[in-house]
1. Of the beta bridges DSSP finds with both residues in the chain, what % are antiparallel, to the nearest 5?
2. Just to check, using Stokes-Einstein with a Kirkwood Rh over alpha carbon pairs, what's the diffusion coefficient of the range 41-128 at 25 °C and 0.890 mPa s in µm²/s?
3. Which whole-number percent gives the relative contact order of the range 17-253, counting Cα pairs below 8 Å spaced six or more residues apart?
4. Just the number, please: carbon plus sulfur as a percent of the accessible area of the range 17-253, 1.4 Å probe, no ligands or DNA/RNA counted.
5. Can you list the HN-Hα couplings for the range 237-246, worked out from phi with the Karplus curve (6.51, -1.76, 1.60; θ = phi - 60°), rounded to whole Hz and with x for Gly and Pro?
6. Give the span of the chain's Cα atoms along each principal axis, as three whole-Å numbers ordered largest to smallest.
7. Report, by chain and number, residues whose modeled amide H sits under 5 Å from the one on Tyr76, excluding near sequence neighbours (fewer than 5 apart, same chain).
8. Based on the alpha-carbon set only, what is the convex hull volume of the range 172-262 divided per residue, in Å³?
Amino acid sequence: MFYLDRETGMKAESYSQFNLFVRSLIFSIYSAVTIILYSFICLASLPFPLRYRHGLIRAYMQVYFVVLKKVCHIDYRIEGLENIPKDRNGIILCKHQSTWETFFLPIYFHTPAAIAKRELAWVPFFGWGLAVSDPIFINRSNKKSSMQQIIEKGTKCLEQGRWIMVFPEGTRVPYGKVGQYKLGGARLAAVSGYPVIPVAHNAGKFWPRRKFIKQPGTITVVIGPLIESKDRRPEEILKLAKDWIESTMVRISGLVDESARQ
C-alpha cells in the first residue's frame, strides 16, 4: 500500500505498526551492539591525532546511516551544502528534534566540538565514544561557569580550525514545536568573531524523541548561509539564526505553498 507524502509530494510505502516495530527493534539491537564494540575501538584510538579519531567517527556514522536506510527505510537529502565554506569554520546552530542530527553533523562538519553536559561522559560506552571526539563538557548546574567554559574552550577550538556544534534549544523539541532558544552559541560567536551557520531539518518526524518506533521517509536537511558575527550583539545573532531556522522549518514541513511565493 502506498500514500502521498505531503512534505515531499512523492509516493511512500505504508507499513503496519508491527512491521515498523520489528524494524525499529532490529535497528536498536544493531545500535546497542555496535556502540559497545565501537566504544572500545574509540578508546584504542586515543593515542592518535584528533583528525584520525574523527575520521573513525565519520566512518562509523556513515555505516550507521546505511543500516538505518536499509532497516528502517529512513534516508535524507540535503540543501545548501555549498554554504559550508572550505576556508572558514564557525559555530553551527542546529535545530534539535532527534538523536539523528547528532550523528549527521560530524559527517559534513569535520572535527566538530560538541557542547555537551559533563554527565554524558559518565555514560558507559556512549560517553567513552563521545569523549574521544574531544567535546566541550560543561557543568549546566552553574550557568555562569558553563558560559565561561563555552567561551574559553570554544574560542580555543575555533582557533584550531574546528567547528563548534550547538543546539540552541538545549534539549530535543518535538517535531512541529519551537523550543526556547538560548544565547550560549550566539555569545561565543559575538566574543570570538567567528560566524554562525544555521541548520534546519525535520528528523523529528521520522525519528521522534522518546519514541521507540521510527517512521520511514526522507529527512530534509537545509544548511543556511553564514551569519557574520562581527559588530553584532549575541541577541541579534541568535534572532537572525532563529528566524532563518524556523522559517525554513515551516517551508520543509509543507506548511507553505512555495509556488504562491513566485
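1. Here the antiparallel bridges make up roughly 30 percent for the chain.
2. 164 µm²/s
3. Here the relative contact order equals 26 percent.
4. Here it works out to 59 percent.
5. Values per residue, Gly and Pro as x: 4, 5, 5, 4, 5, 5, 4, 5, 4, 6 Hz.
6. If we take the Cα atoms of the chain, the spans are 54, 52, 35 Å.
7. Ile219
8. 114 Å³
The values are calculated or read from the model by the stated rules, or taken from the named source; none is laboratory data. Fair warning: this is a prediction, and the values are worked out from it, not measured in the lab. Here Cβ is always computed from backbone atoms with ideal geometry, including for glycine, and neighbour counts include all displayed protein chains. With ligands, DNA and RNA removed, areas are computed over all heavy atoms of the protein, side chains included. Shrake-Rupley method; radii C 1.70, N 1.55, O 1.52, S 1.80 Å.
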